[in-house]
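K.L.:
My structure is below; once you've seen it, I'll send some questions.
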Amino acid sequence: QANETGGSSPMELEGAKRAFSYLQSVGLAVVVFISDRHRGIAKWIRESQPGCAHYFDIWHIARSIGKKMLQLGKEKGCEKIADWVKGVRNHLYWCVTSTKEGFQDMITAKWKSFMEHVANKHDNHPSPLFKKCAHDEINNRRWIKIGTLHCLILDMFKTQSILHIDSS
């Protein structure tokens, strides 16, 4: 309960610790753990649970990115960003669900390809792992010109390490 820990955030960490403790007490090794974007849980797993890979829940990541994009889309000169919120969420889900487990570099390459896609560049992407978009012909959209403020702001999403946290 929250009154045991002083609040809901410490309660989440305590819940994770208790879950690990119980599972380990019945002989189960936790090798993969998926949670929301709780930094305390991430730190605890990284420091206290060797051999356990920690992933963030994709829904929480997509929601966070969408919120940031909607906020940026309200800024003068950045209105086009808001047009891509649904697309970036869909792209993130597709990156993760269309790639076999263990191919983190491919997920990352697909994720970074979004920057090329929003600029209407669908082939010759920088990553050798994912050189072109996987979609068929698409209708014209409000593309974001490479090198513009819009693209520079969106660029932060391609460099963030948001897709995976590993305890190693």
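The values are calculated or read from the model by the stated rules, or taken from the named source; none is laboratory data. Just so it is clear, the model here is predicted, and its values are computed rather than measured. Note that each Cβ is placed from the backbone with ideal geometry, even for glycine, and that neighbours are counted across all protein chains shown. In case anyone asks, the SASA skips ligands and DNA or RNA and just uses the protein heavy atoms, side chains included. Shrake-Rupley method; radii C 1.70, N 1.55, O 1.52, S 1.80 Å.
K.L.:
Hey, if you put +1 on the Cβ of every Lys and Arg and -1 on every Asp and Glu Cβ in the chain, which of ILE138, GLY7, TRP59 ends up farthest toward the positive end of that dipole?
P.N.:
Most positive-ward Cα: ILE138.
K.L.:
Between beta-carbons, use under 12 Å as the cut-off and find the net charge around GLU12, counting Lys and Arg +1, Asp and Glu -1.
P.N.:
Neighbourhood net charge equals +2.
K.L.:
Follow-up. In terms of the Cα gyration tensor, with a ≥ b ≥ c the square roots of its eigenvalues, is the stretch 61-140 rounded because a/c is under 1.5, prolate because a/b exceeds b/c, or oblate?
P.N.:
oblate
K.L.:
About the Cα centre of the stretch 13-159, what is the dipole size in debye to 20, counting +1 per Lys and Arg Cβ and -1 per Asp and Glu Cβ, all else neutral?
P.N.:
That gives a dipole near 380 debye.
K.L.:
Ranking request for peptides 53-65, 109-121: highest mean number of other beta-carbon atoms within 10 Å first, then the rest in descending order.
P.N.:
Taking the mean over residues of other Cβ atoms within 10 Å, the ranking is 109-121, 53-65.
K.L.:
Measure nothing but the geometry: give the 0 to 90° angle between the long axis through the Cα atoms of 8-25 and the longest principal axis through the Cα atoms of the chain, rounded to 10°.
P.N.:
On a 0 to 90 degree scale, this one is about 60.
K.L.:
What accessible area per residue, rounded to a whole number of Å², is obtained for the stretch 2-49 using a probe radius of 1.4 Å?
P.N.:
Roughly 64 Å² per residue, with all protein chains present.
K.L.:
Tell me the angle of helix 104-118 to the major Cα principal axis of the chain, expressed in degrees between 0 and 90 and rounded to the nearest ten.
P.N.:
Value to nearest ten degrees: 30.
K.L.:
Quick one: Debye curve from the alpha-carbon atoms of the stretch 1-46 only, equal weights, vacuum; give me log10 I(q)/I(0) at q = 0.22, 0.24, 0.30 Å⁻¹ to two decimals.
P.N.:
So the normalised log intensities are -0.79, -0.89, -1.13.
K.L.:
Can you compute the radius of gyration and Dmax for the chain, using only the Cα atoms, both in Å?
P.N.:
Cα radius of gyration and Dmax of the chain are 18.9, 57 Å respectively.
K.L.:
Kindly provide the helix-only [θ] at 222 nm of the chain, computed as the sum of -39,500 (n - 2.57) over DSSP H runs of four or more divided by all residues, to the nearest 500 deg cm²/dmol?
P.N.:
-17000 deg cm²/dmol
K.L.:
Oh, and also: Find how much the distance from ILE138 to GLN104 grows on full extension, using 0.36 nm per residue of separation minus their present alpha carbon separation; answer in nm with one decimal.
P.N.:
9.5 nm
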